[in-house]
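Please treat every number below as a calculation from the coordinates, not as lab data. Here the structure is a predicted model, which is why all the values come from computation and not from measurement. Neighbour counts are summed over all protein chains in view; Cβ atoms, including those assigned to glycine, are modelled from backbone coordinates with ideal geometry.
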Amino acid sequence: MADPRFFDRAGPFTLAELARTSGARLWRAADSDKLLHDVAPLETAGADDVSFLENRKYLAAFRASRAGAAFVDPEMAKAAPPAMALLVTEEPYKAYAVAAQAFYPTAPVAPGSAPSAVVDPEATVPEDCEIGPNVVIEARARLGRRCQIGANSVLGAGVIVGDDCRIGANVTVSHALIGARVVLHPGVRIGQAGFGFAPDPAGPVKVPQLGRVVIGDDVDIGANTTIDRGSGHDTVIGAGSMIDNLVQIAHNVVLGRGCILAGQVGISGSTRLGDFVMIGGQGGLAGHLKIGTGARIAAKAGLMRDVPSGAAVCGIPAVPIADFMRQTAILQRLGRKKDGR
């Protein structure tokens with residue numbers, strides 16, 4: 001059970017309601033009126049909770065679980081305990097996520113502005129927005145409807161924010177156009193000058209960074225992530241992209257739709273990602289690369305050349321995963337020969 005000091009729970013919901021909400025189907029129609037009160041992991045769930053099984057590694061936990069119900073792939077449904085009600089779907093984790101959203105919906109915006117907030121007279125802030133303590137909104141900034149701005153955040157001059165955006169505490173945004181339903185977690189920095197300079201014997205000469213950051217709809221950006229504005233072209237984050245904490249995106253980078261970047265990824269300037277690219281934690285990309293649609297870059301990979309669409313790469317420098325595995329096997333065999341094994 002989630003700590004009620006931090007999370008407000010809705011429900012309960014019948015299995016039939018959860019099935020309709022998630023798109024799953026009931027394994028036994030007789031279970032449709034069964035009430036569920038919460039979501040929980042397999043190991044801790046009780047008779048009033050709904051859980052899920054997606055990975056076969058957790059089949060033992062599934063068989064031993066006391067969960068009242070679970071989302072499960074039809075191929076694994078027969079492993080369920082007899083008393084467990086089943087919601088069958090080919091995407092159990094996704095269905096569970098939708099159910100969890102139903103039990104724990106996002107708190108509604110509380111319209112109003114804290115007395116300590118500073119809003120420039122030339123800024124546009126609809127009355128249904130929530131403006132927290134010590135927020136600063138500069139001249140010509142414009143917020144959409146039902147936005148929430150957390151304490152101590154700063155929206156720079158001319159920034160545009162779409163409807164239903166959630167901006168956490170201690171966020172700074174400048175030189176940016178932000179779409180609808182975007183989430184910026186605490187500490188995010190958007191629109192600061194990119195790392196641009198011209199070499200000179202007397203010392204580096206800064207190049208003015210004259211572009212913007214353009215963020216599409218439904219983007220989620222994790223805590224303490226930084227996205228530099230473009231040097232002339234814009235830095236672009238495609239709609240539906242999910243960016244983890246502590247990610248650095250340099251000037252002129254372009255992300256396509258639905259990209260997923262895990263923690264501590266770093267992308268150098270002017271690199272372009274196609275749609276639905278995935279990068280594992282601490283992946284590092286050199287500048288001016290082209291990453292094709294659907295490419296996958298493994299954790300800690302060091303990428304120094306283009307990646308075609310649909311390819312998967314790994315290692316430092318990154319190579320196709322099959323090549324990386326072959327090279328690793330050869331090195332292991334060489335090591336064993338040297339040790340006389």
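Please figure out what share of the DSSP beta bridges in segment 13-103 is antiparallel and state it in percent, rounded to the nearest 5. Expressed as a percentage, antiparallel bridges in segment 13-103 total about 30. Spatially, segment 139-181 and segment 1-77 are offset by 37 Å when compared through their Cα centroids. Looking at the chain alone, DSSP beta bridges between its own residues are antiparallel in about 10 percent of cases. Close amide H pairs (under 5 Å, H built 1.01 Å from N) link residue 119 with 137, residues at least 5 positions away or on another chain. In order along segment 156-161, the phi-based Karplus estimate (6.51 cos²θ - 1.76 cosθ + 1.60, θ = phi - 60°) of 3J(HN,Hα) comes to x, 4, x, 5, 10, 10 Hz; Gly and Pro are listed as x. Phi angles across segment 109-122 convert, under the Karplus curve 6.51 cos²θ - 1.76 cosθ + 1.60 with θ = phi - 60°, into 3J(HN,Hα) values of 5, 9, x, x, 10, 5, x, 7, 5, 10, 10, 4, x, 8 Hz, Gly and Pro given as x.
Write out the GluC sites (Glu not before Pro) in segment 13-93 meeting two conditions: DSSP loop, and at most 14 other Cβ atoms within 10 Å of their Cβ. Here the GluC sites (Glu not before Pro) that fit, given the DSSP loop and packing criteria, are 43, 90. Residues whose amide H comes within less than 5 Å of that of residue 130, counting only those at least five positions distant or on another chain, are 112, 147, 148, 149 (H built at 1.01 Å from N in the peptide plane).
Give me the count of lysine pairs in the chain whose alpha carbons sit under 23 angstrom apart, restricted to pairs 8 or more positions apart or on different chains.
For the chain, the number of qualifying lysine pairs is 6.
What the phi angles of segment 69-86 give under the Karplus curve with 6.51, -1.76 and 1.60, with θ = phi - 60°, is a coupling list of 7, 8, 7, 8, 5, x, 5, 10, 4, 5, 7, 6, x, x, 7, 7, 7, 10 Hz, glycine and proline written as x. Loop-located chymotrypsin sites (Phe, Trp or Tyr not before Pro) in segment 1-55 (DSSP state other than H, G, I, E, B) with a sparse environment of at most 15 neighbouring Cβ atoms within 10 Å: 6, 7.
Can you pull out the GluC sites (Glu not before Pro) in segment 92-170 that DSSP calls coil and that have at most 14 other Cβ atoms within 10 Å? Filter output for segment 92-170: 122, 127. From most to least packed by mean Cβ count within 10 Å, the peptides 324-336, 203-215 give 203-215, 324-336. Across the chain, Cα-Cα distances exceeding 28 Å account for 57% of all pairs. The local environment of residue 193, defined by Cβ-Cβ distances under 9 Å, has a net charge of +1 under the rule Lys, Arg +1 and Asp, Glu -1.
Close amide H partners of residue 38, meaning residues 5 or more places away or on another chain with modelled amide H under 5 Å apart, are 50.
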